[in-house]
Amino acid sequence: MNILRRIASNHENRRYILGVDGLSRSGKTTCVKQLSHILNNEGHQYHIFHLDDLIVERKRRYDTGFEEWHEYFHLQWDVEWMAEHFFRKLKDSEQLTLPYYLDSSDTHENRVIQLPQEGLIIIEGVFLQRKEWKHFFDKIVYLDCPRNIRFNRESVETKQNISKFENRYWKAEEHYINHYYPVENADIVFTS
């Protein structure tokens with residue numbers, strides 16, 4: 001909690017970009033909620049982005065002819081578009097227009113987001129330390145949590161489709177760990 005408090009107050013008189021990285025069900029959303037509670041209590045300006053709000057439609061990330069792990073790691077987001085139209089604009093833009101994904105209709109809805117003049121911009125999601133995005137952050141927190149604990153946090157129904165984890169999620173996570181070394185390269189690591 002002290003580290004979160006230090007992060008919350010580490011952006012005096014400027015906009016500060018914080019990444020909360022971690023694999024699926026590692027506790028990213030919980031961490032961000034705790035941080036937002038601190039920010040609210042201390043009167044800091046901030047905005048939170050959840051990377052999963054910015055994924056592409058299903059036809060671009062499923063049944064593409066690539067292996068499932070490749071679809072998840074490389075195609076879940078339009079990585080290059082995100083670098084140019086989202087990450088690059090976080091430091092200086094007053095507002096962003098972003099295509100928010102609507103799961104129920106598999107479509108996008110453009111939303112205009114006002115950014116605070118000064119304060120913390122928090123981006124929560126997986127694979128934030130990929131080469132196309134990492135340099136946009138002032139600091140990256142990585143939540144390191146063993147696979148068995150993360151898997152136990154899934155719903156009973158979700159756990160029944162083990163092949164999706166084996167072929168899609170876990171292989172993509174292994175690719176990320178083995179090529180981007182998120183534990184070693186993060187600025188702060190929380191281990192659970």
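The values are calculated or read from the model by the stated rules, or taken from the named source; none is laboratory data. Values in this document were obtained by computation on a predicted structure and should not be read as measured data. Ideal geometry is used to build each Cβ from the backbone, glycine not excepted, and the neighbour counts take in all protein chains shown.
Laid out as a table, the results:
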{"item": "Elements of type helices (runs of 4 or more DSSP H) contained in the stretch 94-192, each with 2 or more residues being out of contact with any strand residue (DSSP E or B) (no Cβ under 7 Å at 6 or more places or on another chain), closer than 22 Å to E80 by Cβ and at pLDDT 95 or above", "result": "170-180"}
{"item": "The listed residue being within 15 Å of Q76 (Cα to Cα) and of a type in the set (A, V, I, L, M, F, W, C), out of L98, L102, L115, L90", "result": "L102"}
{"item": "Only listed residue being over 23 Å from K131 (Cα atoms) and in contact with a Gly (Cβ under 9 Å, 6 or more places away or on another chain), chosen from R6, R14", "result": "R14"}
{"item": "Residue among E80, E109 that is more than 16 Å from K28 (Cβ to Cβ), of a type in the set (D, E), surrounded by fewer than 14 Cβ atoms within 10 Å (Cβ to Cβ) and within 19 Å of the chain's Cα centre (by Cα)", "result": "E80"}
{"item": "Filter result (part of a loop (DSSP other than H, G, I, E, B) and surrounded by 21 or more Cβ atoms within 10 Å (Cβ to Cβ)) within the stretch 17-32", "result": "L23, S26"}
{"item": "Unique residue being under 16 Å from the mean Cα position of the chain (by Cα), hydrophobic (A, V, I, L, M, F, W, C), within 19 Å of E124 (Cα to Cα) and surrounded by 17 or more Cβ atoms within 10 Å (Cβ to Cβ) when the list is V141, V183, V189", "result": "V141"}
{"item": "Among the residues listed as F49, F87, F73, the single one being at pLDDT 95 or above and closer than 23 Å to P146 by Cβ", "result": "F73"}
{"item": "Test result for S105, among the small types (G, A, S) and touching an Asp or Glu at 6+ places or on another chain (Cβ under 8 Å)", "result": "no"}
